[in-house]
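Participant: Take a look at this one; I'll ask things after.
Bear in mind that the values in this text are calculations on the coordinates, not laboratory data. Computed from a predicted structure; not experimentally measured. Every residue, glycine as well, gets a Cβ built from its backbone with ideal geometry; the counts of neighbours run over all protein chains shown.
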Amino acid sequence: MAAKGGFSSDMTDSIRSSPILPSFSLANKVCAVTGAARGLGLEFCRAFLQSGCTSLALLDLRAADLDLAVTELLAFHSAIHEGKLDELKVIGIECNVTSEENVIAAMDKVVGELGRVDVVVASAGIVENYSALDYPAERAKLLLDINVNGVFYTAREAARRMIPQKSGSIILIGSMSANIVNVPQLQTPYNASKAAVKHMAASLAVEWAQHNIRVNCLSPGYMLTKLTRTILEGDAELKATWEKLTPMGRMGEPEDLAATIVFMASDASKFMTGSEIRVDGGYCAI
Ligand SMILES: NC(=O)c1ccc[n+]([C@@H]2O[C@H](COP(=O)([O-])OP(=O)(O)OC[C@H]3O[C@@H](n4cnc5c(N)ncnc54)[C@H](O)[C@@H]3O)[C@@H](O)[C@H]2O)c1
């Protein structure tokens, strides 16, 4: 029956019972995140659990950190859902994204253990600071292997499993460094890798739109994680410089990305593909 304003009564009931748009829900979506043992990847997992996801796979190089992360997420879920763990599946999978074989095996495990895969976030990445003239070639190769090839293998193996499902959302974690050159620290290969990730998202989006698979890029500004804490160790001046260069005057907390990653993962963004969303406190706006 149509209610006032053209909404069906079912629709108005569901709007009344939910404080947010139902399309943001990740209930019934299987999510997998690379680089999930810590930092932004772990924060994305937390946001997914908060948004109704009950089937989650964490992929990372560091086995010990993975175990800790899975334990932490189970405790987090139990705390926010009053102890209900019966339907919850959170698995850790050791995976080096630079190895195509590893990524294939990991995605097979995700689908084998969780039944399907609806959302994949490629968050594994590293940064290093050397001037271009001093950058050891082997280090530059490794960085590009993780940040570019690793993201490509992850997206491709995700899509191969999503194509038969005729749906999926893939989110590549870029950086504001895809758009600007960071100062004062020097990091040319990193900046180039993130520009590659941004354009990879657009290119894959065009290739896979026909399969209803969306590919988007989330580009954070300076966020406080292990990655940036390592750079900032013993350099209070550098943190102050970064804050001064950011119009909002602070570094981001990883949870500042929570709502954005849920939007990008969920059906709330179902007509968005090939896009980049910057969450950088205004850094790129000046
Ligand atoms: N922290 C920031 O300020 C910031 C800003 C912009 C973009 N980013 C991007 O966000 C992503 C996550 O960064 P973070 O700050 O959480 O870093 P982090 O160092 O805290 O975490 C990165 C995770 O990736 C894993 N990893 C590294 N190499 C891997 C490999 N070969 N295979 C599998 N896993 C691997 C690490 O073990 C770690 O758990 C990166 O792609 C980074 O470039 C971070």
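Participant: How big is the shadow of the Cα convex hull of segment 202-286, averaged over all directions, in nm²?
Facilitator: On the way: hull surface 26.2 nm².
Over every viewing direction, the Cα hull of segment 202-286 projects on average to 6.6 nm².
Participant: On to the next question. Mind checking Rg over Rh on segment 169-238, alpha carbons, Kirkwood formula for Rh? Display every interim value, and only then the final one.
Facilitator: Details: Rg = 14.8 Å, Rh = 13.5 Å.
Ratio of gyration radius to Kirkwood radius for segment 169-238: 1.10.
Participant: For segment 144-260, place one equal point scatterer on every Cα, skip the solvent, and apply the Debye formula. What is log10 of I(q)/I(0) at q = 0.10 Å⁻¹?
Facilitator: For the requested q values the scattering log ratios are -0.36.
Participant: Strictly greater than 17 Å: what percent of every Cα pair in segment 142-183 meets that? Working shown, then result.
Facilitator: Details: 397 of 861 pairs.
When all Cα pairs of segment 142-183 are counted, 46 percent exceed 17 Å.
Participant: Taking the Cα centre of segment 102-141 as origin, sum charge times position over the Cβ atoms of Lys and Arg (+1) and Asp and Glu (-1), and report the length of that vector in debye to the nearest 20.
Facilitator: Values: 4 positive and 6 negative charges, 14 e Å.
It comes to approximately 60 debye.
Participant: Here is a further query. Using 1/(1 + (r/R0)^6) with R0 = 51 angstrom and r between the beta carbons of Arg116 and Thr188, what's the FRET efficiency to the nearest 0.05? Could you put the intermediate results ahead of the total?
Facilitator: Values: r = 39 Å, r/R0 = 0.77.
Once the sixth-power term is evaluated, E becomes 0.80.
Participant: Once the Cα gyration tensor of the chain is found, what semi-axes does its equivalent ellipsoid get, as square roots of 5 times the eigenvalues, in whole Å, sorted largest first? Can you show the working numbers first?
Facilitator: Values: eigenvalues 199, 97, 78 Å².
Here the semi-axes work out to 32, 22, 20 Å.
Participant: What relative contact order, as a whole-number percentage, does segment 74-141 give when Cα pairs under 8 Å and 6 or more residues apart are counted? Don't skip to the end; give the middle numbers.
Facilitator: Working: 21 pairs, mean separation 10.4, N = 68.
Taking the mean separation of contacting Cα pairs over the length of segment 74-141, I get 15 percent.
Participant: State the Cα centre-to-centre distance between segment 263-286 and segment 144-222 in whole Å.
Facilitator: Each part's Cα centre sits 13 Å from the other's.
Participant: Testing the spin-label approximation: label points 7 Å from Cα along Cα→Cβ at His81 and Ala285. State their distance in nm.
Facilitator: Computed distance between label sites His81 and Ala285 equals 3.7 nm.
Participant: For helix 150-162, what angle does its Cα long axis make with the longest principal axis of the chain, in degrees from 0 to 90 and rounded to 10?
Facilitator: For helix 150-162, the angle is close to 20 degrees.
Participant: Between the helical axis of 188-208 and the dominant principal axis of the chain, each derived from Cα atoms, what acute angle in degrees is found, rounded to the nearest 10?
Facilitator: Taking Cα atoms only, the helix is inclined about 30 degrees.
Participant: With the dipole of segment 152-239 worked out from charges on the C-beta (+1 for Lys and Arg, -1 for Asp and Glu) around the Cα centre, which of Leu227, His199, Ile163 lies farthest toward the positive end?
Facilitator: Ile163
Participant: Report the paramagnetic label zone for Glu233: residues of segment 111-148 whose backbone N is under 15 Å from a point 7 Å from Cα along the Cα-to-Cβ axis.
Facilitator: What the label zone holds, given the 15 Å backbone N cut-off, is 127-129.
Participant: May I pose another question? How much of the calculated P(r) for segment 56-166 lies past 25 Å, in percent of all Cα pairs? Write down the numbers at each step before the final one.
Facilitator: On the way: 2030 of 6105 pairs.
Distances greater than 25 Å cover 33 percent of the Cα pairs.
Participant: For a protection proxy built on the mean count of beta-carbon atoms within 10 angstrom, sort 252-262, 227-237 highest first, please. Could the numbers behind the result be given before it?
Facilitator: Details: 252-262: 18.6, 227-237: 12.0.
For the peptides 252-262, 227-237, the packing ranking is 252-262, 227-237.
Participant: With Cβ to Cβ distances under 14 Å as the rule, what net charge do the other residues near Cys217 carry (K, R +1; D, E -1)? Working shown, then result.
Facilitator: Working: positive: Lys194, Lys198, Arg214, Arg278; negative: Glu276, Asp280.
Overall, the nearby charge balance is +2.
Participant: Compare the peptides 101-111, 62-72, 211-221 by average per-residue count of other Cβ atoms within 10 angstrom and give them in order, highest first.
Facilitator: Numbers: 101-111: 18.3, 62-72: 15.5, 211-221: 23.0.
Highest-to-lowest ranking by the protection proxy: 211-221, 101-111, 62-72.
Participant: So, one more: How big is the dipole moment of the chain about its Cα centre under a simple scheme where the beta carbon of each Lys and Arg is +1, that of each Asp and Glu is -1, and everything else is neutral? Debye, nearest 20, please. Spell out each step's value before the answer.
Facilitator: Working: 26 positive and 32 negative charges, 147 e Å.
Around 700 debye, computed over the chain.
Participant: How tilted is helix 236-245 with respect to the longest principal axis of the chain? Cα atoms for both, answer in degrees (0 to 90, nearest 10).
Facilitator: On a 0 to 90 degree scale, this one is about 60.
Participant: Also, I was wondering about something else. Can you tell me, using C-alpha contacts under 8 Å and at least 6 residues apart, the relative contact order of the chain as a whole percent? Walk me through the numbers on the way to the answer.
Facilitator: On the way: 519 pairs, mean separation 52.3, N = 286.
Here the relative contact order equals 18 percent.
Participant: Here is a further query. Give the residue from Ser175, Ala106, Ile80 lying farthest towards the positive end of the charge dipole for segment 57-190; charges sit on Cβ (+1 for Lys and Arg, -1 for Asp and Glu) and the dipole is referred to the Cα centre.
Facilitator: Value: Ser175.
Participant: Give, in nm to one decimal, the length gained when the segment between Glu243 and Phe271 is fully stretched (0.36 nm per residue of separation minus the Cα-Cα distance).
Facilitator: Result for the pair: 6.7 nm of gain on full extension.
Participant: Something else now. How big is segment 83-222 by Rg and Dmax over its Cα atoms, in Å?
Facilitator: Rg, Dmax (Cα atoms, Å): 16.5, 55.
Participant: Follow-up question, since we're still on this one. Among 184-196, 148-160, what's the highest-first ranking by average C-beta atoms within 10 angstrom per residue?
Facilitator: Working: 184-196: 19.2, 148-160: 21.8.
Answer by packing, highest mean first, reads 148-160, 184-196.
Participant: Could you compute the FRET efficiency for Leu68 and Leu133, with r as their C-beta to C-beta distance and R0 at 41 Å, rounded to 0.05?
Facilitator: Values: r = 39 Å, r/R0 = 0.95.
Calculated value: 0.55.
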